[in-house]
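Read-outs throughout are calculated quantities, based only on the coordinates presented, and are distinct from any laboratory measurement. Quick caveat, the model's predicted, so the values are computed rather than measured. Positions of Cβ are backbone-derived with ideal geometry, glycine not excepted, and every protein chain shown enters the neighbour counts.
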Amino acid sequence: MSNDRKTPMLDDLEKGKWPSFAKEIKKAAARSDTAKDLLGILERSYKDRVTHWKHGGIVGVLGYGGGVIGRYCDLPEEFPGVAHFHTVRVNPPSGFFYTSQALRDLCDIWDKYGSGLTNTHGSTGDLIFLGTQTDKLEPIFSELTAKGWDLGGSGSCLRTPSSCVGMARCEFANIDSMNICHELTHEFQDELHRPAFPYKFKIKVSACANDCTASVARADLSIIGTWRDNIRIDQAEVKNYAKSKNINIQEEVVDMCPTKCMSWDGSTLKINDKDCNRCMHCINLMPKALRPGKEKGATIMLGGKAPIVTGALMSWVIVPFMKLEKPYTELKELIRKMWEWWDEHGKNRERIGELVDRMGMRAFLEAVGLPPVPQMVKAPRTNPYVFWKAEEVK
Amino acid sequence: MSNDRKTPMLDDLEKGKWPSFAKEIKKAAARSDTAKDLLGILERSYKDRVTHWKHGGIVGVLGYGGGVIGRYCDLPEEFPGVAHFHTVRVNPPSGFFYTSQALRDLCDIWDKYGSGLTNTHGSTGDLIFLGTQTDKLEPIFSELTAKGWDLGGSGSCLRTPSSCVGMARCEFANIDSMNICHELTHEFQDELHRPAFPYKFKIKVSACANDCTASVARADLSIIGTWRDNIRIDQAEVKNYAKSKNINIQEEVVDMCPTKCMSWDGSTLKINDKDCNRCMHCINLMPKALRPGKEKGATIMLGGKAPIVTGALMSWVIVPFMKLEKPYTELKELIRKMWEWWDEHGKNRERIGELVDRMGMRAFLEAVGLPPVPQMVKAPRTNPYVFWKAEEVK
Amino acid sequence: MADKPKRITDLGSPDYNKFLPPVIAKNYGKWKYHEYINKGVMKHVSETGDELYTVRVATPRLCSTDFIREMCEIADKFSGGHLRYTTRHNVEFFPTKDKVEPLQAELKKRGHLVGGIGYGISNVVHTQGWIHCHTPATDASGVVKAVMDELHEYFTTKTLPARVRIALACCLNMCGAVHCSDIAILGIHRKPPRVLKETFANQCETPTTIAACPTGAISPDPATKSVKIKEERCMYCGNCYTMCPSLPLADATGDGISIWVGGKVSNARGPARMSKLAIPFLPNNPPRWPEVVKAVKHLVEVYAANARKHERMGEWIERIGWERFFKLTGLPFTYQHIDDFTFARESFRMTPTFKWE
Amino acid sequence: MADKPKRITDLGSPDYNKFLPPVIAKNYGKWKYHEYINKGVMKHVSETGDELYTVRVATPRLCSTDFIREMCEIADKFSGGHLRYTTRHNVEFFPTKDKVEPLQAELKKRGHLVGGIGYGISNVVHTQGWIHCHTPATDASGVVKAVMDELHEYFTTKTLPARVRIALACCLNMCGAVHCSDIAILGIHRKPPRVLKETFANQCETPTTIAACPTGAISPDPATKSVKIKEERCMYCGNCYTMCPSLPLADATGDGISIWVGGKVSNARGPARMSKLAIPFLPNNPPRWPEVVKAVKHLVEVYAANARKHERMGEWIERIGWERFFKLTGLPFTYQHIDDFTFARESFRMTPTFKWE
Ligand code: SRM
Ligand code: SRM
Ligand code: SRM
Ligand code: SRM
Ligand code: SF4
Ligand code: SF4
Ligand code: SF4
Ligand code: SF4
Ligand code: SF4
Ligand code: SF4
Ligand code: SF4
Ligand code: SF4
C-alpha cells in the first residue's frame, strides 16, 4: 500500500474472487513511482468519474512510425509520475507461446525502464508495456531487439497480426494459422513499422469457422480455414458418442445443423456434404467422430471494423477458397494489390472496408482481379439502381 | 382490322392462347379513331422500341385536382387520334364487385366519349378509361356522377384505397376490409380529390397476413387483419384431413410452421398459440379444421413504396393490434395525425415512409402518439449512435 | 344558369352492398371454409351451410368495352348479373352449382381461359408500357402476352409447388408489386439522359431536377442555362426525366428488361420479402421478346423441378442457397448482381459459411 | 560512433517454434481430438497417440511483472517452462498428466482461478478505460472486476447452455469485439462536446474535425476561429474529440454504460452476427457499478433458465423473438432501441407476423 495515496475505491476492488487489477497496480507501485501515481490518478478518476488522460502526442523510436502510444495525464503536478505514461507495444510470438525465460527477459527490461505494468495482451494482440517516459523509449527498444523482440504496430500501418493456436494444439485447424501469421508479420515489416496507409489495417488468422481470434469482427483482413471436400466420419466413434449418455445426436447435432444436411438413424450418421456450409457445429460436438475434410485452404474475407464513422462492419467473403501453402505467395500478392488500391483511393482515416462500401464491390474486385461469385453475397441486390459500363451497352 | 394501318407486329400478338390486348385495341379501333391511332402509334413503338408518349400536362375536371392523367403523343400529325390520350380514373366499389347493369352504364359513357378501351383495373385499383381528349372530361364526369360514380385519385393526394374480397367471400377475413376501404374512401374525399400532400398516399386493406392486396409492398398505409387469441381447431376435421390422401400434416403443416409451435401425434393437433405469429400457413392448408381466433383486429403498417428515390420500402409495423369497429374512429384519427406530421415536415415528393426514414421512427411515433414496442423491429439497433433528449440526461 | 343541374362531386365509391350477389349478402362474414373444385373453380361454404361457387377467368387487363359487355352478358346468363374483378385483373363469376359446368363450357367455347386459382401462375400484374406512359424502357402488355402465351397452362391446368406471382413494370417506378414478386420483369434503361439544352430552361426547374437524382449525378450548367450529368454516377433510373422532359433517356438499343426472383408479399411460412436480381439484361425484341419468354419459362421449370410443395420461389432459393440457384439455372453471376447503392453492405455475406455450389 | 552496436530493427515476431512445448512441436498439425477434463483442464490427443494437457488460468490482463514472474515460476515447476496466453487474456500451462492435479492445487492455493474452458463465461475482453485512454466514457478494468467478482463461478464451476462471451469497450471506438459479443458492456457519452474556443485554433484543423462527424453536426464558426455543433444532430460518438482535443465531451453525470446482447463471432449453427441494444443507459457508479453488475447477472440468469443446450444468446433470442426477450427480462423497450442511423429501415419489422409477447 503506497503510503502517501488514499485510494479507498481501488482498495475495495482488491477484494473478491476475480484476479484484481488494483492489486496488480499496487504490486508495481511498490517499486515504481509511475505505478504509484497511476494508482492516485485512477482513484481521482473514480471520484471525478472522468478520465484524466490527455491526447497522446507523437512519440516513438528512431526509424519507426509506430509501436508506441503517447499518453500524458492532465494533472502532471499532482501526479508527476504519470506526466508521461506512454505504452510500448511488443510484437508477441504467433499463438502467444512463451517460455518463462523469454517472459523474464521482458519483465527485466520493463522493470528497469517502466511502471512494471503490462497488458497481456492488448486486443489487437501486442504484449503491452503500460507506462513509461519518452526518454526511456530508445533504451527499451535496444534492449528488446538485443533479446530478439520487436515493436508492434500503431497508427496508419499494418498492425500486429494475430492468430489462433491452430495446428499447435487444435484438431479443427485447416490452415497453419500461426505460421501464416508469422510469415505475414515478417513479409510486411516495413508496412508495420512505417505507417503509410490511409488508416490502420489489421489481419487475424483463424484456422476454422469457430473464429477464435474474432477476426470477422476485429480485422480488416480475416483469414478463415476451411475445406473443399467432405467431413471425415468415423462411424465407430459416432456410435461411441451415441452410447455415451452425454450427447443426443438427433437433437443436439442433426437438428441443430443449419443446412439440415445430416441424418441419423441410430447407427449411421450421414452428411450430404454438398449442402454442408462447414459451420463446425457437428465437428465441435463430436471431435472424435468427425473431422474437417482433407482438401484444406482458407476463405478470405475483408472489411471487419468498429463503428466509427459509417457503422461497424463484419468482414465480407472476397475469396471463397484459396489454397494456403508456404510461402503463401498468392495471399501476399492479393494483400499487396488491395493495399495499392486502398492507397490510391482511400481518404485519410478511411478503412479499406469503408472504401469498398463507398466505391462499390465492383471497383474493388476489378482492381485486385477477383471475379464476382455468389458466395460474396447473402443474396443478389434488391435495389434496381444498376450501373453499366458504356462498353457493356452495345 | 383497321384498313389504313399496317400493324404486323401487333397482329402477331393476336395469336396465342392468352387473351390478347391487341385484339382488344382492334375491337375498339373499329369504333374509335382514337383507338385506331393508338394501334398505329403502338406499332410504331414496336418498330422504334421507344415510347411515343410525352409528359402529361395538367388536365382535370372542375373542382378536382386529380383523377385524370394527361397524355400527349409525340407524333400528333401522324396519329391525330392520340394527340390527346388522357386517362380517367373511376373509383370502383370495394372488392371490385359489379353488376352487369353498372358495367354497361360505364361502357356506354366510355363508348360515347372515349376510345372504348379500359384497364380493369389499374394497379392502385381504379377502373381506368384509357384515352380521351380534354374537352370530353367534363361531360364524362357529369355522366359518371349522374350514375353514382366518381373519379379516383392522382397526383399528391390520397389515392384510391383498395381492399381484398374479405368478408364477402373469405373465411380467413379478420376485419371487414371492404367496409373499411369504403369508409376511408368516403371519410377522406377531400384529401382524395384535392391534392395537398407532399406526395401520393396509398391505402390497401387485406383482411389477413396472406395480404391479397399486396399492401405491404404497394401502400403507404397497410392494414392487415389479425387476431389476439388462439387459432380455433376442429380436431374432427383435422382427422379428416389426416385420413384424406392429399395432405401430410407432419411434413406440410407442422414442419413448415415458421415458429415450430405446432405438434401432431397422428390424432391430435396442438398449437402453442403463445409462439404462433399468425402467418396463416396452417390455416391456408386446412381451412375446414383451422380458423383464425375470435378476438379480431388489425396490424397497422406504414411506408410501403416503390424504389424511387431512396430505394423500395415494405411497410413497417407501427400498431401491432388495433380493434377495428365501425366507424373506425381510432384509425381515422391516427391517419389524420400522420398526415399532419407528414404535411409539416415532408419535402416535395417525399413519401411518408421516406420521411420516417429521414427523421427517425422516434420523431414519427412522438408526433402521432404511438409508444415504441418490440413488434416494430426485427431486432433492436446494432448501431451505437444513440440520441438522447437533453431532459433525459439528468 | 339557375336551371343547370347542381354539380355533384365527392361521391366517392358506390356502395358495394348494391353489387353483392344475394348469397354473399346473406353470408357476409360467415364463410367457414373453401375447397378448390379445379384450377378455375372453387367453392366457399358458409356457417349457414350456404355454398358459393366462383369461376375465375383471365382478362388482358387492357379491355375494350366489347370485352366488358361480353362479361356482362355471361354474368346475366350464369351469375345473376353479378361479377367481380380480382386484385390480379381476373374476372370472377358466381354461378349456382348447376350452372358451374355450363358456364365453364361457355367460357371455353368463347376462347376464354378459366383458371388462376391455387398453386400455379395467375394473371401477370403489369403496367402501361408503350401504350400510355412516357417513361417506359419496354412495353408491358406485349411482354405479358408473349410470356403467358407460353405459360398459360400454368393458369389453366398445370400446378406448381406453390403460387408463382409474376409481375411486370416498365420502369423503375415499378407501378405494381414488382419489387415483391416470385418473378419480376422490369424494364431498364442503360444509357444516361441526353440533355436537351435548348428546351431545358422553359420545361424544367434546375433545383427540382437536381434533387430528383438518387446518386447526385446532376449539377447545374449555368453556361447553357441547363444541367450536366456525371455519367459515371448515373444509373439511368429516369427520375430526372420524370421531373424534366428535357432529359430523355429512352434508347432503342440501351433499353431492355431485367429479371428478378424470390420476392413475395404473403407472410405464410415466413415474412414478405423483396425480389432479387437474377438476370441483369435481356434485349427488347418485340413483338414476342423471345429471350424474356425463354428466361421466365426456364426459371419456372427449374423451380417446378426442385422446390418442395408450398415453397414459394424465394423460400426454395433460401433453402438451397443462392450459390446453387445460379448453378441450377446456369445463369451467370455478374458485377451487376452485387448491390452498390446505400445499403449494399447489408447484402454482403459476412460469414465463411456458404455452399461451394 | 563507429563502435556503437549496429541498430537492429524490423525483427518482427520471434520464431514461435522456439517456444513450443516438445509435445506440441512433435505433434504440430497432428492433433486428432480433445476432451474436457473439467472447466479448467482439457486434453488433446494426437494421431501419434501423444497427449497434451492444458490448464487454463484467469488473469486480470493488466498484470504487474510480479504476476508474470509468478506465472513463469509455475511454468518452470509444472509446465517445462512453457506457457501461452489465449486470445481472451487467460494463461495456459501444459503439465504432463501426473502434474495436472498438483498444478491445479498450486494455482488454487495461490488464489488463482482455474477455468474458462467449455460452456461458461471466460475472461472479459476489455480495454483501457480510465487507466490509459483519453476518450473513455467509463472505466474498463474496474467494471470487469466488479462483474466477474459476481460471475466468477461461471468461469470456474458453473456451466451455461453455451459459451457466453462478455466484452467491454469504454467508448464507441470499441477496441475489441464488443459489437459481436453475447453480452457487450459499452461506455457511452450522452452530452455533446463543449467547444474550447480559446485552444481550438492551435490544437485542431477545422476540415478534419468537421469531416470526423458521422452525422454532419459540426460546421465552421469563423467568428471564433473554431466550430459550432448542431446539438440535435450530435449523438456523442466522440470522434470529433479523437481528432480535436478542444472538443471534450466526457461528463461525470452524462457518461455511463449501455448493454448490448446477442452477438457472436463463431459461425456454428448460424452466421456471426452483431450485438443488439438491450439497456440504453446505466450510470457510472464506481467502484462496483452495482447497476451494471445486476443487469449483466440478470441477463445471464434469464438466458441460463431459458436457452436450449448449444444455443448462444443471440440464437436463443432469435428463436423466442425479441418481443419475448423484453418480456422475460422485464427490460423496458424505449425509443433508443429503434435504430435511426443510415440503415435504420433494414432493422424495422416489415411483416405483420410477430408474437404478442
Ligand atoms: C490498446 C488497445 C485496447 C486494449 O486495451 O487492448 C487499443 C487502444 C486504443 N485504440 Fe483501439 N485499441 C486496441 C484494439 C482495438 C480493436 C480490436 C482489435 O484490434 O482486435 C479495435 C476494433 C477493430 C478496429 O480496428 O476497427 C479498435 C478500434 C479502435 C478505433 C476505431 C477504428 C474505426 O475505424 O472505427 C479507434 C479510433 C481511431 O483509430 O481513431 C481506436 C483508437 C485507439 C486509441 C489509440 C485511442 C485513440 O482514440 O487514439 C487507444 C489507445 C488507448 C491507450 O491509451 O492505450 N481503436 N482498437 C488495443 C490495441 C492493443 C494492441 O496493440 O494489442
Ligand atoms: C396506371 C398505373 C399503372 C397501371 O397500368 O395500372 C400507374 C401509372 C403511372 N404511375 Fe404509378 N401507376 C399505377 C400504380 C402504381 C403502383 C402500385 C399501386 O398503387 O398499387 C406503384 C407502387 C407503389 C408506390 O406508389 O410506390 C406506383 C408507383 C409509381 C411511382 C414511384 C413512386 C415512388 O415514390 O417511388 C411513380 C413516379 C412518380 O410518382 O413520379 C409513378 C408514376 C406513374 C405515372 C403517373 C407516370 C409518371 O411518371 O408520371 C404513370 C402514368 C402512366 C400512364 O400514362 O397511365 N407510379 N404506381 C397505376 C395506377 C392505376 C390506378 O389508379 O389504379
Ligand atoms: C381473389 C383474391 C383476392 C381479391 O380480393 O381479389 C384472392 C383470393 C384468395 N386467396 Fe389470395 N387472392 C388474391 C390475391 C392474392 C395476392 C396479391 C397479389 O398476388 O398481388 C397474394 C399475395 C401474393 C404474394 O405472396 O406475393 C395472395 C396470397 C394468398 C395466399 C398465400 C400464398 C402463399 O403460400 O404464400 C393464400 C393462401 C393459399 O394459397 O392457400 C391465398 C388464398 C386465397 C383464397 C384461397 C382465400 C379464400 O379462402 O378465399 C382465395 C382464393 C384462392 C386463389 O387461389 O386465388 N392468397 N392472394 C386475389 C386473386 C388474384 C388472382 O386473380 O389470382
Ligand atoms: C484458446 C483459444 C484459442 C487461442 O488461440 O487462444 C480457443 C480454444 C478453443 N476453442 Fe475457441 N478458443 C479461444 C477463443 C475463441 C473465440 C474468440 C473470442 O472469444 O474472442 C471464439 C469466438 C467467440 C464467439 O463466437 O463470439 C471461440 C469460439 C469457439 C467455438 C464456437 C462456440 C459456439 O458454439 O458458437 C468452439 C466450438 C465449441 O465450443 O465446441 C470453440 C472451441 C475451442 C476448442 C475446443 C478448440 C480445440 O479443439 O482445441 C479450444 C479449447 C476449448 C475452450 O473452451 O476454450 N471455440 N473461441 C481461445 C480461448 C479463449 C479463452 O481463454 O477463453
Ligand atoms: S479457430 Fe478453429 S482451429 Fe483455431 S483454435 Fe479455434 S477452433 Fe481451433
Ligand atoms: S459443419 Fe455445420 S452445416 Fe456442415 S454438417 Fe456439420 S453442422 Fe451441418
Ligand atoms: S387477404 Fe386474407 S382475408 Fe383477404 S382475401 Fe386474401 S386470404 Fe382472404
Ligand atoms: S399460423 Fe403460422 S405460425 Fe401460427 S401455428 Fe399456423 S403455421 Fe405456425
Ligand atoms: S412502371 Fe414506369 S413506365 Fe410503367 S406505367 Fe409505371 S411509371 Fe409508367
Ligand atoms: S437517370 Fe436517374 S441516376 Fe441518371 S441522372 Fe437522372 S435521376 Fe440521376
Ligand atoms: S474503447 Fe475507446 S476509450 Fe476504450 S481504449 Fe479504445 S479508444 Fe480508448
Ligand atoms: S461527438 Fe460525434 S456526433 Fe457529436 S459532434 Fe462530435 S463527431 Fe459529431
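Summary of computed values
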| quantity | calculated |
| --- | --- |
| DSSP-assigned coil residues among trypsin sites (Lys or Arg not before Pro) in the stretch D:94-189, each with at most 12 further Cβ atoms within 10 Å | D:Arg110 |
| Leading residue at positive end of dipole, the stretch A:45-200 (Cβ point charges), from A:Val82, A:Ser162, A:Thr145 | A:Val82 |
| Computed magnitude of the charge dipole of the protein assembly as shown (debye, nearest 20; Cβ of K, R +1, Cβ of D, E -1) | 2100 debye |
| Across the identical copies, how the A:Ala236 labels are spaced - nm, sorted shortest first, 7 Å along Cα→Cβ | 6.0 |
| q = 0.15, 0.18, 0.21, 0.30 Å⁻¹, the stretch A:252-300: log10 I(q)/I(0) [Debye, one scatterer per Cα] | -0.40, -0.57, -0.78, -1.42 |
| Cα Rg over Rh - the stretch A:154-299, Kirkwood | 1.10 |
| Prolate/oblate/rounded label for the stretch C:87-245 (Cα gyration tensor, a/c 1.5) | prolate |
| For the protein assembly as shown, radius of gyration divided by Kirkwood radius, i.e. Rg to Rh on alpha-carbons | 1.01 |
| Rule-of-thumb Rg ratio for the stretch A:43-200 [Cα; 2.2 N^0.38 Å; N residues] | 1.12 |
| Translational diffusion coefficient (Stokes-Einstein; Kirkwood radius from C-alpha pairs) of the stretch B:287-370 at 25 °C, 0.890 mPa s, in µm²/s | 170 µm²/s |
| Residues of the stretch C:222-258 with amide N under 14 Å of the 7 Å Cα→Cβ point at C:Ala201 | C:222-227 |
| Isolated Cys residues of chain C, judged by Cβ distance under 4.7 Å to other cysteines | C:Cys63, C:Cys72, C:Cys133, C:Cys170, C:Cys171, C:Cys175, C:Cys180, C:Cys213, C:Cys234, C:Cys237, C:Cys240 |
| Per residue, the convex hull volume that the Cα atoms of the stretch B:327-394 enclose (Å³) | 140 Å³ |
| Using a Förster distance of 35 Å, the FRET efficiency for C:Glu232-D:Ile8 (Cβ separation, nearest 0.05) | 0.10 |
| Positive-end extreme of charge dipole, the stretch C:244-331 - chosen from C:Asn267, C:Ile279, C:Thr329 (charges on Cβ) | C:Asn267 |
| Percentage relative contact order, the stretch D:1-145, counting C-alpha pairs under 8 Å, at least six apart | 20 percent |
| Overall Cα dimensions of the stretch D:78-172, principal axis frame, Å, largest first | 48, 32, 22 |
| Most fluctuating residue given options B:Asp126, B:Asp343, B:Asp220, as computed from a GNM of chain B linking Cα atoms under 10 Å | B:Asp343 |
| Cα-based equivalent ellipsoid of the stretch B:23-112: semi-axis lengths in Å, sorted from largest, via gyration tensor | 26, 18, 12 |
| Whole-angstrom gap from the stretch A:152-183 to the stretch D:20-47, using each part's C-alpha centre | 19 Å |
| Listed residue (A:Leu42, A:Ser215, C:Cys244) projecting farthest to the positive dipole end of the protein assembly as shown, Cβ model | A:Ser215 |
| Size-normalised alpha-carbon gyration radius of chain A, reference 2.2 N^0.38 Å | 1.17 |
| For chain B: relative contact order, % (alpha-carbon pairs under 8 angstrom, 6 or more apart) | 11 percent |
| 13 Å Cα-Cα reach of B:Lys389 towards aspartates and glutamates, excluding residues that sit fewer than 8 places from it in its own chain | B:Glu366, D:Glu231, D:Glu232 |
| Computed label-point distance, nm, for sites B:Asp33 and A:Ala390 using a 7 Å Cα→Cβ extension | 4.6 nm |
| C-alpha center-to-center spacing [the stretch A:283-315, the stretch D:171-241] in angstrom | 33 Å |
| Cα centroid separation, the stretch C:317-357 to the stretch C:145-165 (Å) | 27 Å |
| Most fluctuating residue given options C:Asn123, C:Asn306, C:Asn284, as computed from a GNM of chain C linking Cα atoms under 10 Å | C:Asn306 |
| Cβ charges +1 (Lys, Arg) and -1 (Asp, Glu), total dipole of chain C, debye | 500 debye |
| Chain A, closest residue to the rotation axis toward B, by beta-carbon, whole angstrom | A:Asp255, 6 |
| Selection of trypsin sites (Lys or Arg not before Pro), the stretch C:294-352, meeting DSSP coil and at most 15 other Cβ within 10 Å | C:Arg308, C:Lys309 |
| Candidates C:His310, C:His34, C:His89, ranked by Gaussian network fluctuation over chain C, Cα under 10 Å, top entry | C:His34 |
| q = 0.14 Å⁻¹: log10 I(q)/I(0) that the Debye formula gives for chain D, counting C-alpha atoms only | -1.19 |
| Under 14 Å, Cβ to Cβ, from A:Leu103 - net charge with Lys/Arg +1 and Asp/Glu -1 | -3 |
| Inter-label distance, nm, simple model (7 Å from Cα along the C-beta direction), B:Ala236/B:Asp108 | 5.2 nm |
| Volume of the Cα convex hull of the stretch C:157-292, divided per residue and given in Å³ | 138 Å³ |
| Estimated FRET transfer efficiency (B:Glu78, A:Asp265; beta-carbon r; R0 60 Å; 0.05) | 0.20 |
| Dipole magnitude of the stretch A:234-304, debye to nearest 20 (Cβ charges: Lys/Arg +1, Asp/Glu -1, about Cα centre) | 200 debye |
| Any cysteine of chain B lacking a neighbouring Cys Cβ under 4.7 Å - listed by number | B:Cys73, B:Cys107, B:Cys157, B:Cys170, B:Cys181, B:Cys208, B:Cys257, B:Cys261, B:Cys276, B:Cys279, B:Cys282 |
